[in-house]
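**Q** Handing you this structure, nothing more for now.
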Amino acid sequence: MPIRLFNTYSRQLEEFEPREAASRRIDMYTCGPTVYSRAHIGNFRAYVFEDLLQRHLELRGYKVRRVMNITDVDDKTIRGAREAKIPLSKFTEPFKQAFFEDIDTLRIKRADDFPSATDQRYIDKMIEMIAALISRGLAYQADDKSVYYRISKFPNYGKLAHFDLTQLQPTGRVKNDEYDKEHIGDFALWKAWDEEDGDVKWDSPWGPGRPGWHIECSAMATAILGDQIDIHCGGVDNIFPHHEAEIAQTEGVTGKRFVSYWLHCAHLLVDGQKMSKSLGNFYTLPDVLEKGYSGREIRYALMRVHYRAPLNFTWEGMEEARESLGRIDEWIMRLEEKSQEENVKRSTSNVEPPMEKFEAALDDDLNISGALGVLFDGIRDSNRALDEQALDSVGAQKWLQWWARVDRVLDLTATKSEVPDEITKLAEARVQARLTKDWRKSDELRDELMARGWEARDTKDGQKITKRSGS
């Protein structure tokens with residue numbers, strides 16, 4: 001079946017058709033972090049959704065080239081550097097490194113490019129685009145020496161956010177990077193330097209200054225991917241003003257449709273409330289890891305709800321993620337053990353892997369709930385066949401092959417490195433106790449592992465250590 005995606009621009013499910021159908025190449029741009037602080041789990045909800053999208057498209061045979069920007073100059077980063085009394089680059093660098101550490105922890109595939117807004121080649125591109133907008137009458141330099149986009153001259157302004165500009169009362173000019181439709185106005189493309197900017201400035205035809213946030217993404221996207229791209233993603237909070245401004249800027253320069261499909265991820269809530277430091281429910285990835293959860297458990301928790309539905313993050317939900325992964329781990333272990341047995345007869349089970357159902361669910365606007373339902377139905381059915389001795393090694397191998405394909409999208413298989421060092425040491429001590437026939441010590445160590453949430457199972461291939469479901 002064809003892939004269908006919900007396009008924010010049309011507010012409809014649309015059949016996905018890449019611009020270069022013959023080569024099956026897809027150009028994809030995703031809004032990355034603004035590095036004024038460490039990214040929070042709400043940010044990573046969006047990044048995990050984008051990772052799921054890319055992986056599914058690649059499983060379906062597309063070649064995805066993805067660009068994710070790093071916003072390292074804007075109002076927030078400059079304010080942070082000024083308050084810390086250090087240069088902008090020194091202020092943002094630790095947050096950049098933390099971001100890359102966090103996406104690796106969550107198994108998010110690295111983009112092909114991570115352009116930074118302060119890179120001179122992109123500053124040059126921004127200046128070039130602003131000059132083109134001025135020449136077309138779409139931008140102007142104001143009395144404050146800053147350059148603004150003249151939204152009244154772009155008829156499609158507001159189409160992405162689905163509001164009618166004629167029904168709103170523009171408030172003149174807006175210099176801040178972020179604002180809402182109640183304060184709509186001509187937005188800043190180039191901000192003239194002032195004392196609060198410190199040493200953050202670049203030369204331009206309009207005097208020293210710095211780019212506005214919105215022009216940064218237009219410049220980086222088109223510099224790397226060209227005038228038109230297939231998919232642009234972000235959170236719903238990016239729709240207005242950021243993505244609305246991107247369309248106006250880019251199409252104002254190129255005269256071409258900038259993006260074919262706009263996809264936006266809904267907000268993450270914490271215990272049903274908006275995440276806020278004042279409420280004490282603001283979490284970064286290290287905050288959750290310190291509670292004893294692993295990166296793949298957090299990945300599962302952020303992935304399991306459809307991207308257009310709000311995700312309510314709770315500690316109970318984290319326990320459910322752990323239990324679900326425990327079921328997957330135990331299932332894989334059972335299949336691996338069965339697959340290694342000598343095959344004395346062909347399988348008598350009629351339980352076959354649901355080969356296309358998982359992918360078909362994701363074809364339907366990334367219906368992850370449906371896809372996970374297919375997975376766990378398969379786990380239940382194949383476990384029952386194993387219990388009834390109705391699945392032989394050939395059948396088990398088929399299920400493992402299916403899982404390998406599914407996991408190209410989910411990337412949830414446990415790795416040995418995820419077993420904590422102290423658990424590994426206890427497990428090794430138990431092996432030694434059994435070798436010396438110290439059964440009491442062996443039982444004590446097994447109980448200790450159990451108390452810490454791990455199960456020791458003795459098989460013909462030796463001791464197997466797995467995370468207990470629900471622990």
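**Q** Could you say which residue among GLU244, GLU251 is more than 20 Å from PHE16 (Cα to Cα), assigned to a helix (DSSP H, G or I) and open to solvent by less than 10 Å² (accessible area, probe 1.4 Å)? Write out each step before concluding.
**A** Values: GLU251 fails: open to solvent by less than 10 Å² (accessible area, probe 1.4 Å).
From the options GLU244, GLU251, the qualifying one is GLU244.
**Q** Would you point out which residue out of SER218, SER260, SER204 is closer than 30 Å to GLU50 by Cα and surrounded by fewer than 21 Cβ atoms within 10 Å (Cβ to Cβ)?
**A** Result: SER260 is the single residue among SER218, SER260, SER204 that is closer than 30 Å to GLU50 by Cα and surrounded by fewer than 21 Cβ atoms within 10 Å (Cβ to Cβ).
**Q** Is it true that GLY292 is open to solvent by less than 10 Å² (accessible area, probe 1.4 Å) and modelled with pLDDT under 95?
**A** No: the conditions fail for GLY292.
**Q** Right, another one. Counting only residues that are touching a strand residue (DSSP E or B) at 6+ places or on another chain (Cβ under 7 Å) and hydroxyl-bearing (Ser, Thr, Tyr), which one in segment 1-22 is most open to solvent (accessible area, probe 1.4 Å)?
**A** Filtering segment 1-22 for residues that are touching a strand residue (DSSP E or B) at 6+ places or on another chain (Cβ under 7 Å) and hydroxyl-bearing (Ser, Thr, Tyr), the one most open to solvent (accessible area, probe 1.4 Å) comes out as TYR9.
**Q** Residue by residue through segment 405-423, note down the ones that are under 24 Å from GLN463 (Cα atoms) and either small (Gly, Ala, Ser) or modelled with pLDDT of 90 or more (or both).
**A** Across segment 405-423, the qualifying residues are LEU412, THR413, ALA414, SER417.
**Q** Sticking with this one: Given the residues TYR122, TYR36, TYR47, TYR29, which is the only one that is in contact (Cβ under 8 Å) with a residue 24 or more places away in the chain, in a loop (DSSP other than H, G, I, E, B) and of a type in the set (Phe, Trp, Tyr)?
**A** TYR36
**Q** Checking GLN389 against (1) on the phi > 0 side of the Ramachandran plot; (2) at pLDDT 95 or above: exactly one of these is not met. Which one?
**A** In the conditions (1) on the phi > 0 side of the Ramachandran plot; (2) at pLDDT 95 or above, GLN389 misses (2) alone.
**Q** How many residues are in contact with an Asp or Glu (Cβ under 9 Å, 6 or more places away or on another chain) and either under 18 Å from THR30 (Cα atoms) or open to solvent by 50 Å² or more (accessible area, probe 1.4 Å) (or both) if we restrict to segment 91-110?
**A** 9
**Q** Name every residue in segment 60-90 that is touching an Asp or Glu at 6+ places or on another chain (Cβ under 8 Å), touching a residue at least 40 places away in the same chain (Cβ under 8 Å) and among the hydrophobic types (A, V, I, L, M, F, W, C), in order of residue number.
**A** If the condition is that a residue be touching an Asp or Glu at 6+ places or on another chain (Cβ under 8 Å), touching a residue at least 40 places away in the same chain (Cβ under 8 Å) and among the hydrophobic types (A, V, I, L, M, F, W, C), then VAL67, MET68, VAL73, ILE78, LEU88 are the ones that fit.
**Q** List the pairs whose first member sits in segment 304-326 and is open to solvent by 40 Å² or more (accessible area, probe 1.4 Å), whose second member is outside any strand (DSSP E or B), and whose Cβ atoms are under 6 Å apart, counting only residues at least 6 apart or on separate chains?
**A** ARG308/ALA266; PRO310/ALA266; PRO310/HIS267; ASN312/GLY272; GLU323/SER469; GLU323/GLY470
**Q** Among the residues in segment 424-434, are any in a loop (DSSP other than H, G, I, E, B) and either among the charged types (D, E, K, R) or at pLDDT below 85 (or both)?
**A** no
**Q** Could you grab the pairs with beta carbons closer than 7 Å, sequence gap of 6+ or different chains, first residue in segment 208-232 and at pLDDT 95 or above, second one among the β-branched types (Val, Ile, Thr) and open to solvent by 20 Å² or more (accessible area, probe 1.4 Å)?
**A** The qualifying pairs are ASP227/THR254.
**Q** Out of the residues in segment 50-90 that are of a type in the set (S, T, N, Q) and outside any strand (DSSP E or B), which is most open to solvent (accessible area, probe 1.4 Å)?
**A** Top of the filtered list is SER89.
**Q** If you check LEU279 against the conditions, is it aliphatic (A, V, I, L, M), more than 20 Å from the chain's Cα centre (by Cα) and farther than 30 Å from GLU455 by Cα?
**A** Numbers: aliphatic (A, V, I, L, M): yes; more than 20 Å from the chain's Cα centre (by Cα): yes; farther than 30 Å from GLU455 by Cα: yes.
So LEU279 fits the description; yes.
**Q** Right, ASP227: out of contact with any His (no Cβ under 6 Å at 6 or more places or on another chain), open to solvent by 10 Å² or more (accessible area, probe 1.4 Å) and in a loop (DSSP other than H, G, I, E, B) or not? Spell out how you get there, then give the answer.
**A** Numbers: out of contact with any His (no Cβ under 6 Å at 6 or more places or on another chain): yes; open to solvent by 10 Å² or more (accessible area, probe 1.4 Å): yes; in a loop (DSSP other than H, G, I, E, B): yes.
It is true that ASP227 is out of contact with any His (no Cβ under 6 Å at 6 or more places or on another chain), open to solvent by 10 Å² or more (accessible area, probe 1.4 Å) and in a loop (DSSP other than H, G, I, E, B).
**Q** A further question follows. Restricting to segment 125-140, give me the number of residues that are assigned to a helix (DSSP H, G or I) and either surrounded by 15 or more Cβ atoms within 10 Å (Cβ to Cβ) or in contact with an Asp or Glu (Cβ under 9 Å, 6 or more places away or on another chain) (or both).
**A** 9
**Q** Out of segment 389-417, which residues are open to solvent by 60 Å² or more (accessible area, probe 1.4 Å) and either among the charged types (D, E, K, R) or touching a Pro at 6+ places or on another chain (Cβ under 9 Å) (or both)?
**A** LYS398, GLN401, ARG405, ARG408, LYS416, listed by residue number.
**Q** Next question. Kindly indicate the residue of segment 365-388 that is charged (D, E, K, R) and surrounded by 17 or more Cβ atoms within 10 Å (Cβ to Cβ) and also nearest to LEU59 (Cα to Cα) among those meeting that condition.
**A** So the first thing to find is which residues in segment 365-388 are charged (D, E, K, R), and the list is 365, 377, 380-381, 384, 387-388.
Adding the requirement that they be surrounded by 17 or more Cβ atoms within 10 Å (Cβ to Cβ) leaves 365, 381.
Numbers: ASP365: 15, ASP381: 25 Å.
Going through the qualifying residues, I end up with ASP365.
**Q** Pairs under 9 Å by beta carbon, first residue aliphatic (A, V, I, L, M) and assigned to a helix (DSSP H, G or I) in segment 406-423, partner modelled with pLDDT under 90 and open to solvent by 10 Å² or more (accessible area, probe 1.4 Å), six or more apart or different chains?
**A** ILE423/ARG452; ILE423/TRP454; ILE423/ILE465
**Q** Please specify each residue of segment 1-10 satisfying the condition of being under 22 Å from the mean Cα position of the chain (by Cα) and over 20 Å from GLU58 (Cα atoms). Step through it out loud before you land on a result.
**A** Narrowing segment 1-10 to residues under 22 Å from the mean Cα position of the chain (by Cα): 3-9.
Of everything in segment 1-10, those that are under 22 Å from the mean Cα position of the chain (by Cα) and over 20 Å from GLU58 (Cα atoms) turn out to be THR8, TYR9.
The values are calculated or read from the model by the stated rules, or taken from the named source; none is laboratory data. Quick caveat, the model's predicted, so the values are computed rather than measured. Backbone-built Cβ (ideal geometry, glycine too); neighbour counts: all protein chains shown. Keep in mind that these areas ignore ligands, DNA and RNA; they rest on the heavy atoms of the full protein, side chains included. Shrake-Rupley method; radii C 1.70, N 1.55, O 1.52, S 1.80 Å.
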